[in-house]
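One structure is given below, encoded as structure tokens.
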Amino acid sequence: MALAEHAITFTGVGQTFLTDSGPLTALRGVDLDIAQHEFVAVLGPSGCGKSTLLRLTSGLMRPTEGQVEVFSTPVTQPRDDIGIVFQQATLLPWASVEDNVVFPARHMRGRVDAKDRARAREIIATVGLEGFEKRLPGELSGGMQQRVGIARALFLNPDILLMDEPFSALDALTRDAMGFELLRLWQASPKTVLFITHSIPEAVLLADRVVVMSERPGRVIADMPVPLGRPRGEDSLRSPEMQDYMAHLRGLLIKKEVA
């Protein structure tokens, strides 16, 4: 896959929150470049600022130090070319699958037209939910709800997709299936993906690069290309080379958790 300019750039990024107990520094001195259409997974201990990286990229907050750029433009507010998928699908419980997917258009323009609905039905079919357009979220399994969340994030065809542990609440089998589904969608329509996870096999299976964060205040302690070609399957992780790669990642995380 040919990669173009940097889609996301962190330069000396730090983030400090003011709490009742005093200042809390979540990130410090983060430097990171992510190329267009690159899939980057971020690993790190809980509380190291992984989710904060996503919020800064999305424009939901601004860094207290340094700068975040998207396509060489400083991020100062939310952007329409960025889609976000959270740990929970956060769907409107009273709205159908189709109405949940078109919600970004209603939020932006105050209305939804026939073209929007046609686009929504196309994406719903792409994520494997054709026939469920009129169902309510409560009628769907957890994995199906996450598919709706992904469809909603893809509705405006964003250049960048931010994913904050999107499969962590799913059972193991569904989680694996969703990972392969995400790979299929990404390969069919390449986007820049910043993917937060606690799972080493998930990160290695999906990503072009794996970034490892230190304990809070989070900083980048490793940035490692995945030595694995595409397409990938579960068997891809069983080679001695990949076992050594995952063991190295595990060692970095254990050192930080024990230190």
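Keeping to the stretch 206-236, report how many residues are in contact with a Cys (Cβ under 7 Å, 6 or more places away or on another chain) and either outside any loop (DSSP other than H, G, I, E, B) or of a type in the set (Lys, Arg) (or both).
3
What tally of residues in the stretch 61-81 results from selecting those that are free of Cβ contacts under 8 Å to residues at least 40 places away in the same chain and part of a strand (DSSP E or B)?
Matching residues across the stretch 61-81 total 2.
I'd like to check something: does the stretch 225-240 contain any residue that is open to solvent by 10 Å² or more (accessible area, probe 1.4 Å) and among the β-branched types (Val, Ile, Thr)?
Within the stretch 225-240, one or more residues are open to solvent by 10 Å² or more (accessible area, probe 1.4 Å) and among the β-branched types (Val, Ile, Thr).
Is it the case that some residue within the stretch 52-75 is in the same structural domain as Val212 (by TED's automatic domain parsing), in contact with a strand residue (DSSP E or B) (Cβ under 9 Å, 6 or more places away or on another chain), among the basic types (Lys, Arg) and crowded, with 21+ Cβ neighbours inside 10 Å?
No: the stretch 52-75 contains no residue that is in the same structural domain as Val212 (by TED's automatic domain parsing), in contact with a strand residue (DSSP E or B) (Cβ under 9 Å, 6 or more places away or on another chain), among the basic types (Lys, Arg) and crowded, with 21+ Cβ neighbours inside 10 Å.
Which residue is nearest to Arg117 (Cα to Cα), if the candidates are limited to the stretch 179-191 and must be in a loop (DSSP other than H, G, I, E, B) and more than 13 Å from the chain's Cα centre (by Cα)?
Ranking the qualifying residues of the stretch 179-191, first place goes to Ser189.
The values are calculated or read from the model by the stated rules, or taken from the named source; none is laboratory data. Predicted model, so just to flag it, every value in this text is computed and none were measured. Don't worry about glycine lacking a Cβ; one is built from the backbone with ideal geometry, like all the others, and counts go over all protein chains shown. Areas reflect the complete protein model, heavy atoms only, side chains present, ligands, DNA and RNA absent. Shrake-Rupley method; radii C 1.70, N 1.55, O 1.52, S 1.80 Å.
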